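Rule-based calculations on the coordinates, nothing more; no lab input. The shown structure was predicted, so the numbers you read here are calculated from the model rather than taken from an experiment. Here the Cβ positions follow ideal geometry from the backbone for every residue, glycine too, while neighbour counts run over all protein chains shown.
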Amino acid sequence: MLPRKFMLDDLFDESEVRGMNCDVYLKDDKYHVDVDVPGFEKEDIKIECHKGTITIKAESKEAHDENKKYIRHERRYRKLERSFYFGDIDEDNIKADFKNGTLHLIIPEKVESNKKQITID
């Protein structure tokens, strides 16, 4: 079950303002996040994880060539950021893939066993 924060996220959907549209779903007992980051290279994207929160940051350089006389110049520096709270996740086994402008994350839930093995003396 997704953490409660995702339910509230839809009430205040600012995805167009943020510029990072996403899909979040469960598959094979793992969270999957697909984030659109068109116009960015893999090297421009940073992913941080802290206490169950995944933060995705994308920062592009300005596409400006001093040898060109621009009539219109709209492709400037961009910085995007989006965070997702998942709760208790296995931060050491998160996988990320970037292909065709889409970042795909696979985030396993932390599995803790309360069982303790007792050794017989």
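The gain in end-to-end length when the residue 85 to residue 68 segment is fully stretched comes to 1.7 nm, 0.36 nm per residue minus the alpha carbon separation. Looking at region 20-114, the GluC sites (Glu not before Pro) that sit in a DSSP loop and have at most 10 other Cβ atoms within 10 Å of their own Cβ are 62, 66, 74, 112. Taking chymotrypsin sites (Phe, Trp or Tyr not before Pro) across region 51-113, the ones in a DSSP loop with at most 13 further Cβ atoms lying within 10 angstrom of their Cβ are 70, 77. Between residue 77 and residue 23, the simple label model (points 7 Å from Cα in the Cβ direction) yields a spacing of 3.5 nm. With each label modelled as a point 7 angstrom along the Cα→C-beta vector, the residue 109-residue 51 pair spans 2.2 nm. In terms of distances greater than 20 angstrom between alpha carbons, the cross-link table entries 57/95; 27/79; 42/99; 68/99; 42/79; 42/110 yield 27/79; 68/99; 42/110.
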